[in-house]
Each structure stands twice: as structure tokens, then as C-alpha cells.
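The values are calculated or read from the model by the stated rules, or taken from the named source; none is laboratory data. Just so you know, these numbers come straight off a predicted model, no measurement behind them. Cβ sites come from the backbone with ideal geometry, for glycine too, and all protein chains shown count toward neighbours. These area figures cover heavy atoms from the full protein model, side chains too; ligands, DNA and RNA do not enter into them. Shrake-Rupley method; radii C 1.70, N 1.55, O 1.52, S 1.80 Å.
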Amino acid sequence: MELKVYQNKIKVAEEFSKYLIEKSGTQDAFHIALSGGSTPKIVFDVLADEFSNDIDWKNIHLYWGDERCVAPDDDESNYKMTVEHLISKVDIPEGNIHRIKGEADPKQEAKRYGELLEKELPKELGLPQFDLVILGMGDDGHTASIFPHEINLWVSPDNCEVATHPESGQKRVSLTGRIINNAKTVTFLVTGESKAEKVKVIVDREEGYIDYPASHVAPKTKDLVWFLDAAAAKLLTSYQS
């Protein structure tokens, strides 16, 4: 894995935006799985406000790594957040936006979205392949919507699964490990001091790291990049502030 550590969240957002511009400019269709959460929100703002003219949006296809089972206009919707902070600010064709329908029956939607990936994405090793999967990580070490108490969903034979938030019981549709690890590139966007402990356990592979879903992110291409701010990276043995 590659670690990129920056001073603060804004710098992470700026540098990730430059990284995305470089990656996406090399091909006619670039398929991205987006993440929800506070850090991607900042990244989307910076990307749209400062770098939108540097990307050919007609070549960008947006998908989601996970979605809460709520309506698309609900404040908890990852889709709504992305519309407000990115999609509404850039000139991307409507046909390039492939949302998870959080308002639908979760099981049926997981099946539908898995089939959509089979149809829309190029194949590699017999599986749909994203050009880039953007992931966050929770304080509990979860990623996408695969939580520690349901870590078995990571190795599901299906492209998507229905996950359950451990505290609220909220249902979510999530990509599984077979799709995430088949991507050309996987990036983590992780900021904030509250993430530092889990970042250290997972990156440094300390005792118990295997219990956290984020530790199972290992793309077959070996192209895994962590974008961290100094607060999230502060406990890493490989990082000196």
C-alpha cells in the first residue's frame, strides 16, 4: 500500500482531486465507486469548486460503494450528499450517474445493483471492474457498509449485500469484497484524530487487525492508496509529524 499524508482535510481534498484528474484523464470511460461520510463531502466540495474544469465529466461514470436504505431526498442518503456537494456543481450527463435506490426493497436492490455492475462495468478476471473505488473508514474499522459484526459479508459470493448498522439497525446496500478488491485502484480517504487508533492497527497490522473490515481491502492489482491527514496518521510508525 501507499500512504499519502497531508497537513489537514483541505489539503487531503486538494491532493486527492489532483490524483483523480491524473487517473481519469487517461481513458474515455472512467468508472468510480463513491463513498459517503464527512471526508468525501469535503473532497467533493473542493473537487467541484476548484477543479471541475480540469475533468472531462462526460467520461466519468459515478456509482456508490454503499447506500443507506432511505429515500434519495433523505438527509442520510449518500446520493443526496453527492448531489449537493458534487453532481449539482459539475456538468456530468445524467446517464453517467448510477445510484443505489435506497428507497427500494433492500434485498431486491442489492440484486439489481449487482446486476447493473455486471452490465455497465468492464470485466477483469470474470468480475466487474471499477477503475477507482473510493472508501472511507469508520471509527470502528468498517468500510463501505461492511461492519465488524458482519465481516462475513466481505467474502459474499454476490456483488452486493444488505448490511445492518450495528447500533441503529438501519439497512444498507453495500459492495462486497469481491468487487472492491477487483478494482484497478482503491483509495481510502481518512481524516481526523478519532480514526488514528484504527489506522495504526490496520496499516501496521497489529494484533486483532483482521477483525476490521478495512484491513481486508487488498486489490489484486496491489494499487491501494491511503490519503490521510496528519491527525489520522499520527500514531503510525511510518509517519513522523
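Whole number please: convex hull volume per residue, Cα atoms of the chain, in Å³. Show your work: numbers first, answer last.
Values: hull volume 27.8 nm³, N = 241.
Measuring per residue, one finds 116 Å³ for the Cα hull of the chain.
Just order 42-50, 104-112 by mean Cβ neighbour count inside 10 Å, highest at the front, would you? Mind showing how you got there, number by number?
Numbers: 42-50: 19.3, 104-112: 16.6.
My ranking of the peptides, most packed first, is 42-50, 104-112.
Over segment 2-239, average the accessible area per residue using a 1.4 Å probe and give it in Å², no decimals.
On the way: 10290 Å² over 238 residues.
Averaged over the residues of segment 2-239, the accessible area is 43 Å².
Express in nm, to one decimal, how much length is gained between GLU118 and ILE210 on full extension, taking 0.36 nm for each residue of separation and deducting their alpha carbon distance. Could you put the intermediate results ahead of the total?
Details: separation 92, 0.36 × 92 = 33.12 nm, distance 2.92 nm.
Gain on extension, GLU118 to ILE210, equals 30.2 nm.
Could you tell me what percent of the accessible area of the chain is made up of carbon and sulfur, with a 1.4 Å probe and every protein chain present?
Details: 4930 of 10690 Å².
Heavy-atom surface of the chain belonging to carbon and sulfur, 1.4 Å probe: 46 percent.
Per DSSP H run of at least 4 residues, take -39500 (n - 2.57); add these up for the chain, divide by its residues and hand me the 222 nm value, nearest 500 deg cm²/dmol. Let's see the in-between values first.
Working: 7 runs with 69 residues, N = 241.
Rounded to the nearest 500, the figure is -8500 deg cm²/dmol.
Just add up the charged neighbours of ASN182: K/R +1, D/E -1, any other residue whose Cβ is under 11 Å from the Cβ of ASN182.
Numbers: positive: LYS123, ARG178, LYS184, LYS220; negative: GLU124.
Its environment carries a net charge of +3.
Taking the mean number of other Cβ atoms within 10 Å as a proxy for protection, how do you rank 11-17, 126-132 from highest to lowest? Walk me through the intermediate numbers first.
Numbers: 11-17: 21.0, 126-132: 18.7.
In decreasing order of mean packing, 11-17, 126-132 become 11-17, 126-132.
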